[in-house]
Amino acid sequence: ELKVEQNPLFLSMQEGKNYTIYCNYSTTSDRLYWYRQDPGKSLESLFVLLSNGAVKQEGRLMASLDTKARLSTLHITAAVHDLSATYFCAAGARGSQGNLIFGKGTKLSVKP
Amino acid sequence: DAGITQSPRHKVTETGTPVTLRCHQTENHRYMYWYRQDPGHGLRLIHYSYGVKDTDKGEVSDGYSVSRSKTEDFLLTLESATSSQTSVYFCAISYGQEGETQYFGPGTRLLVL
C-alpha cells in the first residue's frame with residue numbers, strides 16, 4: 001500500500017531564507033506531484049516529476065525526485081511572503097489509473 | 001480553472017439526509033475524481049471515474065456513491081449524511097495521459113449537523 005509522508009508539517013521562515021520540504025513515499029511510484037493551496041482555495045499544480053533524477057524549477061521553487069530513495073524535495077530559495085501557502089506532494093502507485101495518494105501537507109508561513 | 005465547476009459551493013444539512021454534489025467539466029477529460037480534505041489528513045480519494053458509467057472506489061469510499069452518465073458530469077452522493085462526512089470536497093479531472101497532472105475544482109464545503 002502506497003503511503004506518502006511529508007515533513008515538516010509546519011514551517012515558519014523568514015524572508016530571504018532557504019528551506020526544503022521533504023516527501024517520502026513507501027512503495028514504488030511512477031510519478032510524483034507537487035501542489036500549492038492558498039487558504040480557502042483549491043489546489044494549484046506546481047510540478048510533475050516522472051523519472052529518477054528529475055528536477056524542475058519555477059521561480060523560487062525547485063522540485064526533485066530520487067526514486068531509489070523514494071524521496072522528493074521541494075526547495076525554496078530566498079523565500080518571499082507570497083510563497084506562504086500549504087504545499088502538498090502526491091504520489092501515484094504503478095498501474096493505479098491516475099489515483100494519487102497525498103501527503104498531509106506542509107503549511108508554510110514566510111514572515112518579513 | 002481548467003473548466004471545472006462544483007455545485008453547491010456550500011451546503012449545510014442534517015444527519016440522515018441524502019446529499020448530492022455535482023462536478024461539471026467543459027474540457028472533455030476522461031478521468032474525474034472526488035476527494036475529501038480534512039485537517040491533518042491531506043486529500044483522500046473517495047471515488048473516481050475513467051469514463052461514462054465506469055467508476056471505481058478510492059481510499060475512503062464507505063458511505064459514498066457516484067454516478068457518471070455523461071462525460072461532463074460526475075455526481076457524488078452521500079446516501080445518509082453523517083457528521084463524520086463534514087468536510088471540503090474537491091473534484092479533479094485529467095485526461096489520464098502519462099505524467100499529466102490533475103486539475104482541481106473550487107471545492108464544496110459541506111457541514112452535516
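Across all directions, the average flat footprint of the convex hull enclosing the Cα atoms of chain A is 6.5 nm². Restricting attention to chain B, close to 90% of DSSP beta bridges with both partner residues there are antiparallel. Counting Cβ atoms of other protein chains within 10 Å of each residue's Cβ and taking the mean over peptide A:39-46 gives 5.
Taking the Cα centre of the stretch B:25-85 as origin and assigning +1 to Lys and Arg Cβ atoms and -1 to Asp and Glu Cβ atoms, the resulting dipole is close to 80 debye. Given in Å, the Rg to one decimal and the Dmax to the nearest whole number for the Cα atoms of the stretch B:1-50 are 12.9, 35. For a straight C-alpha distance cut-off of 20 angstrom, the lysines reachable from A:Lys111 (same-chain residues fewer than eight places away being disregarded) are A:Lys17. Taking only the Cα atoms of the stretch B:52-104, the ratio Rg/Rh comes out at 0.99, with Rh defined as the Kirkwood radius. With the convex hull drawn around the C-alpha atoms of the stretch B:34-80, the volume per residue stands at 77 Å³. Computed over Cα pairs, the Kirkwood radius of the protein assembly as shown leads via Stokes-Einstein (0.890 mPa s, 25 °C) to a diffusion coefficient of 137 µm² per second. Remark: mean inter-chain Cβ contacts per residue of B:37-43 equal 5, using a 10 Å Cβ-Cβ cutoff to other protein chain atoms.
Please name whichever of A:His81, A:Tyr19, A:Leu71 sits farthest to the positive end of the charge dipole of chain A, dipole taken about the Cα centre and charges placed at Cβ: Lys and Arg +1, Asp and Glu -1. Towards the positive end, the residue furthest out is A:Leu71.
For the protein assembly as shown, DSSP calls about 90 percent of its internal beta bridges antiparallel.
Averaged over the residues of B:95-108, the number of partner chain Cβ atoms lying within 10 Å of the residue Cβ comes to 5.
Across the cross-link table entries A:Lys41/A:Lys107; A:Lys3/A:Lys68; A:Lys3/A:Lys107; A:Lys41/A:Lys68; A:Lys104/B:Lys70, which are compared at the Cα atoms, the separations over 25 Å belong to A:Lys41/A:Lys68; A:Lys104/B:Lys70. Count Lys and Arg as plus one, Asp and Glu as minus one, and take only other residues whose Cβ is under 10 Å from that of A:Val80; the net charge is then -1.
Put a plus charge on the Cβ of each Lys and Arg, a minus charge on the Cβ of each Asp and Glu, and nothing anywhere else: the dipole of the protein assembly as shown about its Cα centre is then about 280 debye.
Sorting the segments B:64-72, A:23-31 by their mean number of nearby beta carbons within 10 angstrom, highest to lowest, gives A:23-31, B:64-72. Placing unit charges on the Cβ atoms of the charged side chains and taking the dipole of chain A about its Cα centre, the candidate lying farthest along the positive direction among A:Ala91, A:Leu61, A:Phe47 is A:Ala91.
The calculated Kirkwood hydrodynamic radius for the stretch B:24-113 is 13.4 Å, given to one decimal from all distinct C-alpha pairs.
For the peptides B:95-106, B:29-40, B:49-60, residues were scored by their other Cβ atoms within 10 Å and the scores averaged per peptide; the highest-first order is B:29-40, B:95-106, B:49-60.
Read-outs: derived from the displayed coordinates by stated rules, not from any lab. From a predicted model like this one, the values you see are computed outputs, not experimental measurements. In this analysis, Cβ positions are derived from the backbone assuming ideal geometry, glycine residues included, and neighbour counts consider all displayed protein chains.
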